[in-house]
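What follows is one structure encoded as structure tokens, with my remarks underneath.
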Amino acid sequence: GCFVFKPNSKKRRWSEKTAHDFISTSGDSEDTELRFVTCQSLWSQIKSETEQIQEDLNKQLLGNLVSFLSRSHSDFQEKTTEWTCRMKFREIPTAALVLGVNVTDHDLTFRSLSDVLQDSITPYVALLEAKDCPGIKNLMQKLMGQLMNCDIDVDSLEDEDCVQVSQNRTRCSMSSLISWYESTAKKTDSVTPSKKRNSSSRHWQSPPVVVIFKDMESFTTKVLQDFIVISSQHIHELPLVLIFGIATSPMIIHRLLPHSVSSLLCIELFQSLSCKEHLSTIIDKLLLTSRFPFKLGGKVLQVLINIFLYHDFSVKNFIKGFQLCIVEHFYSQPLSVLCCHLVDIKKRVCSLSHDHCENIRRLPSFRRYVEKQESGKQVELLTNDSFLKVETEKLLEGLYVYHANYVSILRCLHVFTSSLPKYPLGKQIRELHCACLENRVWETEEYESSLQLARMLNKIDLVTMLQQCVEILMSSSGKEFDKTVEKLKEFLTQFQNLEEASQEQDVSVSSQKELQKKTDLYHLQKTLLELKESRKSKKLTKFEMLRFEVVDYIDSLVRKYLVPADDRTLHEIVYFNTAAVLRGHLNAAPRTALHTALNNPHWYLKNQALKCDGGGISNKAPDICIVYKLHLECGRLINLVDWLEAFSTVVMAAEEPNADAASSDQVDDIIHARFIRAVSELELLGFIKPSKQKTDHVARLTWGGC
């Protein structure tokens, strides 16, 4: 994968002013401020929830790392036999932290780890990146700079093991680091008892020095080798602990380091949560909940998931895409002012203006709703704003009830489908969610296959699934599922009272085992057909009849509650469905953007002087734009002399002829220099290259339109 890291100093943040200006451009309506506040409040809640989810997911991993540091540090403090043996072999305690290829998410993990360590264990934590440590000198500079909270300059460095600083004359070496640590630890130990109690409540006595290599694969072998060898020689004086951030595999340690160096490390492996499991948790907590009014449409969610699966596996980028959807929705949808929590709907609806009412009447889902009403109600909905507001409030409240019921039944359906062989509707709940959003899931072949497989489940599996469904529906906030829970409990009671012949039970179990063995599609279809034919000629048992009844009841719940959101009235207010806009923002098309910028600079610069009609070339355009448009008119080989003359003609088109020969020559030299620079920039962008056939020609490399 190829990952871009932008400089931290120039990182642009989504500030209040930026978001406010962005939303304000959508129109001069009086509700712009309210839409901005609603958007900002919604994103703040989602961001807070996301951070809490990520903290909970990393809790176990961070706890294991803290335990590892505790064991290593206690050995150093007590000088136990294990530490003595380790010191004899000069082994450095090392944690190999495997985080996965989603390197853009690693920063959050390391930041959380650093905060935990600095809050409760040690103030001496250094985070090192390969781009800042091209050599051992730079590594020692960064290490001591972070530990001592000072900036050390190595420009005047002469000795590799000893860095002299012009101002503080600090020796940037391992021996100076040890001297600094001993003096600092001695000061900590000699504080007054009251202060010592406060200090020890946060940090350990003689705390360890933790060095975190955030991207181990990117460090050069020589830098790692030199640092490990130097550190191992002083391990008996300095409680050093290394943490390697690994994106690929723990084997990279042995590929980067020879055995003589890796043997100096006492390595313990730690594995973070899979990025797919992380994404599933994010979707489950943010999208499959009724806490947040904003929802993603099926195609939009599929775009974000596809970018995650086929590009970067980055949960951070997924959340950024989710944030972009929120801003885009409040920017493009004037009725997004109604995308609020249930308690605020009545107040927002009552404050709607006549323009808002007209926007509601233009919604496609509302038009379909009006067409289904009787003629008298149609007239009221289309002419009476007060009546429309009352109806809108009812419809929005019904939409929120639909969301709550949808999530509960979706989880129940996932309980059944996730235990079936071959997973016709997908193993993850996000796959099932996308399938239900995009179309009526009960009309798909995958759903029909799932029902056929569910009709062959054994008694134990069915009882377990029904119990899980009862727990899900009982935890639901609504009272609409009271009768459903009673019905499921009735099924459980019937299963408990059911006495089957052992032969029939064995047949059912063997059929299930046979299905699990024959996992390829051909044998699966063949087995289903055979079982179907055998049932026609055989009378159903009580268990089979009850099993069919359970599956049919689950099917009726699916048809009632898992109706696609597009079929619900006013879904446009809370659902963001413009996948094409999102794809245009996230899926970059650099060639198209480059062609547009060079061929039509007015598109980006918004300068009226650059606007040209009929494919003309403005002499006010940047030089590279003029050269680019002229090169589009040429063939495979471009004569530089002819190209220069054409460029000079365009540039001099609006200027008056000058009679002064000396001045004219000077102007020609300037134009010549501008032309050479523009051609060089075009070559750098990859549009042309020097030709070996003719020295005064260049070869064109791009063809066709964008």
Problem - Residue list for the range 360-417, filter: among the basic types (Lys, Arg) and in contact (Cβ under 8 Å) with a residue 12 or more places away in the chain - result: Arg361, Arg368, Lys389, Arg411
Practice task
Just name the residue that is nearest to the chain's Cα centre (by Cα) out of those in the range 520-554 that are at pLDDT below 75 and acidic (Asp, Glu).
Solution key: Asp520
Handout entry: Residues being assigned to a loop (DSSP other than H, G, I, E, B) and either open to solvent by less than 10 Å² (accessible area, probe 1.4 Å) or closer than 18 Å to Phe313 by Cα (or both) - total across the range 93-124
Key = 6
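Among the residues of the range 589-605, are any under 30 Å from Ala435 (Cα atoms), open to solvent by 40 Å² or more (accessible area, probe 1.4 Å) and either at pLDDT below 90 or in contact with a helix residue (DSSP H, G or I) (Cβ under 9 Å, 6 or more places away or on another chain) (or both)?
Within the range 589-605 (the criterion being under 30 Å from Ala435 (Cα atoms), open to solvent by 40 Å² or more (accessible area, probe 1.4 Å) and either at pLDDT below 90 or in contact with a helix residue (DSSP H, G or I) (Cβ under 9 Å, 6 or more places away or on another chain) (or both)), the answer is yes, since at least one residue qualifies.
If I filter the range 355-363 for residues that are open to solvent by 90 Å² or more (accessible area, probe 1.4 Å), among the basic types (Lys, Arg) and not in a helix (DSSP H, G or I), do I get at least one hit?
No, every residue in the range 355-363 fails to be open to solvent by 90 Å² or more (accessible area, probe 1.4 Å), among the basic types (Lys, Arg) and not in a helix (DSSP H, G or I).
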Fill in the blank from the handout: Checked pairs for the range 34-57, first open to solvent by 40 Å² or more (accessible area, probe 1.4 Å), second of a type in the set (A, V, I, L, M), C-beta under 6 Å and 6 or more apart or across chains, list as Leu34/Val337; Leu57/Leu273
Exercise for the section: Take Leu498 and decide whether it is modelled with pLDDT of 75 or more, within 30 Å of Val407 (Cα to Cα), over 40 Å from the mean Cα position of the chain (by Cα) and open to solvent by less than 50 Å² (accessible area, probe 1.4 Å). Expected result: no
Fill in the blank from the handout: For the range 189-215, the count of residues that are hydroxyl-bearing (Ser, Thr, Tyr) and modelled with pLDDT of 60 or more equals 1
Completion exercise
All conditions in (1) open to solvent by less than 40 Å² (accessible area, probe 1.4 Å); (2) at pLDDT 90 or above; (3) of a type in the set (A, V, I, L, M) are true of Ile267 except (1)
Practice task
Output the residues belonging to the range 687-696 that are open to solvent by less than 70 Å² (accessible area, probe 1.4 Å) and either outside the structural domain of Glu645 (by the TED database) or at pLDDT below 90 (or both).
Solution key: Ser691, Asp696
Exercise for the section: Just one of (1) at pLDDT 90 or above; (2) assigned to a loop (DSSP other than H, G, I, E, B) trips up Ala653, so point out which. Expected result: (1)
Problem - Residues of the range 219-260 satisfying the condition of being over 37 Å from the mean Cα position of the chain (by Cα) and in a helix (DSSP H, G or I) - result: Val229, Ile230, Ser231, Ser232, His259, Ser260
Handout entry: Residue in the range 125-147 that is farthest from Val209 (Cα to Cα), counting only those that are open to solvent by 10 Å² or more (accessible area, probe 1.4 Å), of a type in the set (A, V, I, L, M) and within 27 Å of the chain's Cα centre (by Cα)
Key = Ala130
Practice task
For the range 606-645, enumerate the residues that are exposed (fewer than 14 other Cβ atoms within 10 Å of the Cβ), in a helix (DSSP H, G or I) and either in contact with a Gly (Cβ under 6 Å, 6 or more places away or on another chain) or not small (Gly, Ala, Ser) (or both).
Solution key: Gln608, Val641, Asp642, Glu645
Completion exercise
Residue hits (the range 390-406; open to solvent by 20 Å² or more (accessible area, probe 1.4 Å) and closer than 17 Å to Met474 by Cβ) are Ala404
Completion exercise
When every residue in the range 312-351 that is touching a Gly at 6+ places or on another chain (Cβ under 8 Å) and in a helix (DSSP H, G or I) is compared, the one farthest from Ile53 (Cα to Cα) is Pro334
Problem - Qualifying residue in the range 276-289 (condition: in contact with a helix residue (DSSP H, G or I) (Cβ under 7 Å, 6 or more places away or on another chain), surrounded by 20 or more Cβ atoms within 10 Å (Cβ to Cβ), among the basic types (Lys, Arg) and touching a residue at least 12 places away in the same chain (Cβ under 8 Å)) - result: no
Handout entry: In the range 5-18, the residues that are open to solvent by less than 100 Å² (accessible area, probe 1.4 Å) and at pLDDT below 55
Key = Trp14, Ser15, Thr18
Fill in the blank from the handout: Of the residues in the range 412-440, those that are among the charged types (D, E, K, R) and open to solvent by 60 Å² or more (accessible area, probe 1.4 Å) come to Lys422, Lys427, Glu431, Glu438, Arg440
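The values are calculated or read from the model by the stated rules, or taken from the named source; none is laboratory data. Every value quoted in this text rests on a predicted model; they were computed, and no experiment measured them. Note that each Cβ is placed from the backbone with ideal geometry, even for glycine, and that neighbours are counted across all protein chains shown. For accessibility, only protein heavy atoms count, side chains too; no ligands or nucleic acids. Shrake-Rupley method; radii C 1.70, N 1.55, O 1.52, S 1.80 Å.
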